[in-house]
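Taking it in order: structure first as structure tokens, then the write-up.
The values are calculated or read from the model by the stated rules, or taken from the named source; none is laboratory data. It should be emphasised that the depicted structure is a prediction, and the values quoted were computed from it without experimental measurement. Because the Cβ atoms are built from the backbone with ideal geometry, glycine has one as well, and the counts that use them run over all protein chains shown. Remember, those area values only see protein heavy atoms, side chains included, never the ligands or the DNA or RNA. Shrake-Rupley method; radii C 1.70, N 1.55, O 1.52, S 1.80 Å.
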Amino acid sequence: MTALSRRSQLGRLLRRTLWLMLGLGLGLPLLLATLALQALPSVPPPPALEGAQLQQASEVLRQNDPRQLPPGGLRVARLSEAQLQLLLGRLVNRYHEARATAQLAEHEAWLEASIPLREQGAGPWLNIHARLQETGKLPRLRQLRIGHLPLPTWASDWLVRWLTERLAAQAELRVAGELIQHVGFMPGLLQLSYEWKPDSLRKALNARWPTAEQARLQHYNALLVKLCEPHLSGTPVSVADVWPPFFAEALRRSQAGEDPRQENRAAFLILALQAAGEHTSRLLPAASSWPRARPMLLTANGRDDFSQHLLVSAVLAIEGGGPLADAIGIYKEVADSRGGSGFSFNDLAADQAGTQLGLYSERDPLGLQKRLAAHPPERDFMPRTEDLPEFLSAEALQQQYGGLQGEGYRRMMALIRQRVDALPLYR
């Protein structure tokens, strides 16, 4: 064989080797992506929230309300599998319609999550399956699968270390890790043991708000104080008249590089606290030294209770998604019908409008800032409420509307949704 032919064969072999390497380099990631990503979610959407579920969750929170607990000693919180499902579902739903579920067994738990890789729940989906095993303190990840792709133990351990290092940098999770002493699994039950220390509440609340968020809240608190100065205490002021200064400022800061969603979140929270007659220190102990705004009575459709429903529902929708805000509004009305002010459809109309406001803020934060800074009239964001029934007892709600499952109730809710959907701000 001549030197020329040998060089020719060597050249062909080299080219084939390079093509093989290129094929492996491109094909392996493609194969892994095909195994890991799936067209459909493995977790079904969470069911509609029921008042009974919220009542149970409320009772668990009441029993473990840190404001009512004396410091010291080990405390135990117990969550049923249904309550854990509710918590997981609402926690992950904030992230582009992600879904999660859990199954609890003796000393282990199976977690499953479906995360869309595009907004509005569009695929492909990342379906994650994990098995957690109970240990002396926090659970250990024993098995992890992404789609059809099982991760070997070394890869799972590396991923856990990587996540732990990054999560530990978040003050809120770091404080939670200090408080939690043990997580136990039993069939249908999760048991959380934690130690409540003298400064735990202060640390937990302050950790909930990182330094940048505290500065943002302080900025809007100062704006509120300035806005309230010209008004006598208790002067009624429409929320439509406080939108422009608040959201013109939010727009200015967003255009200067701040996160528009976080700007809206802070602005709505400060206004919701004002409407409820509370100060920011209620949620953030570090704010106790901040100046307090003069008590200005925020109204919507001429009533201060409507402004509370509107603004609190907007905050709930931003924090936990629309279904949670809707369900909490209905739960409150049911509770009122059993000894409070009574069940009111007009309150639910204000709740629905607030939910849409919060969802709009998440969907198009800059667009909402521009609309609210332009001083829209109340009729653009608040539905008609004067003809909607209110002050209904539990018996009247059942007799006249068939309760929450009755045809009359569904007709009233459909009418409210129709009115809210027709409002110019939400179209």
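Among the numbered criteria (1) in a loop (DSSP other than H, G, I, E, B); (2) over 31 Å from the mean Cα position of the chain (by Cα), which one does Glu395 miss?
(1)
Just to verify a result, which residue in the stretch 365-399, among those that are closer than 23 Å to Ser341 by Cβ and out of contact with any Phe, Trp or Tyr (no Cβ under 9 Å at 6 or more places or on another chain), is surrounded by the most Cβ atoms within 10 Å (Cβ to Cβ)?
Among those that are closer than 23 Å to Ser341 by Cβ and out of contact with any Phe, Trp or Tyr (no Cβ under 9 Å at 6 or more places or on another chain), it is Pro383.
Might you let me know whether the stretch 94-105 holds any residue that is crowded, with 19+ Cβ neighbours inside 10 Å, in a loop (DSSP other than H, G, I, E, B) and at pLDDT 70 or above?
yes
Could you please give the count of residues in the stretch 348-377 that are assigned to a loop (DSSP other than H, G, I, E, B) and among the hydrophobic types (A, V, I, L, M, F, W, C)?
So the answer is 1.
Among (1) free of Cβ contacts under 8 Å to residues at least 40 places away in the same chain; (2) outside any loop (DSSP other than H, G, I, E, B), which single condition is Asp387 missing?
So the condition that Asp387 fails would be (2).
Scan the stretch 363-374 and give yes if some residue there is modelled with pLDDT under 95 and closer than 27 Å to Met412 by Cβ, otherwise no.
yes
Take the residues in the stretch 228-250 that are outside any strand (DSSP E or B) and over 23 Å from Gly367 (Cβ atoms), then tell me which one is least open to solvent (accessible area, probe 1.4 Å). Let's see the steps before the verdict.
At the first step, the residues of the stretch 228-250 found to be outside any strand (DSSP E or B) are 228-235, 239-250.
Okay, now just the ones that are also over 23 Å from Gly367 (Cβ atoms), so 228-235.
Details: Cys228: 1, Glu229: 114, Pro230: 107, His231: 59, Leu232: 134, Ser233: 82, Gly234: 41, Thr235: 39 Å².
Ranking the candidates gives Cys228 first.
Just the residues that are crowded, with 16+ Cβ neighbours inside 10 Å and modelled with pLDDT under 80, please, taken from the stretch 203-227.
Lys203, Ala204, Leu205, Asn206, Ala207, Trp209, listed by residue number.
Quick one: which of Arg384, Arg417 is under 26 Å from the mean Cα position of the chain (by Cα), within 29 Å of Ala240 (Cβ to Cβ) and among the charged types (D, E, K, R)?
Among Arg384, Arg417, only Arg417 is under 26 Å from the mean Cα position of the chain (by Cα), within 29 Å of Ala240 (Cβ to Cβ) and among the charged types (D, E, K, R).
Just name the residue that is modelled with the highest pLDDT out of those in the stretch 274-293 that are open to solvent by less than 70 Å² (accessible area, probe 1.4 Å) and in a loop (DSSP other than H, G, I, E, B). Outline the logic, then answer.
Step one: list which residues in the stretch 274-293 are open to solvent by less than 70 Å² (accessible area, probe 1.4 Å), which gives 274-277, 279-281, 283-287, 290, 293.
Pick out the ones that are also in a loop (DSSP other than H, G, I, E, B) and you get 276-277, 279, 283-284, 290, 293.
On the way: Ala276: 87, Gly277: 88, His279: 88, Leu283: 80, Leu284: 83, Trp290: 94, Ala293: 91.
Going through the qualifying residues, I end up with Trp290.
Go over the candidates Pro124, Pro71 one by one and state the one that is outside any helix (DSSP H, G or I) and either touching a Ser or Thr at 6+ places or on another chain (Cβ under 6 Å) or at pLDDT 80 or above (or both).
Pro124
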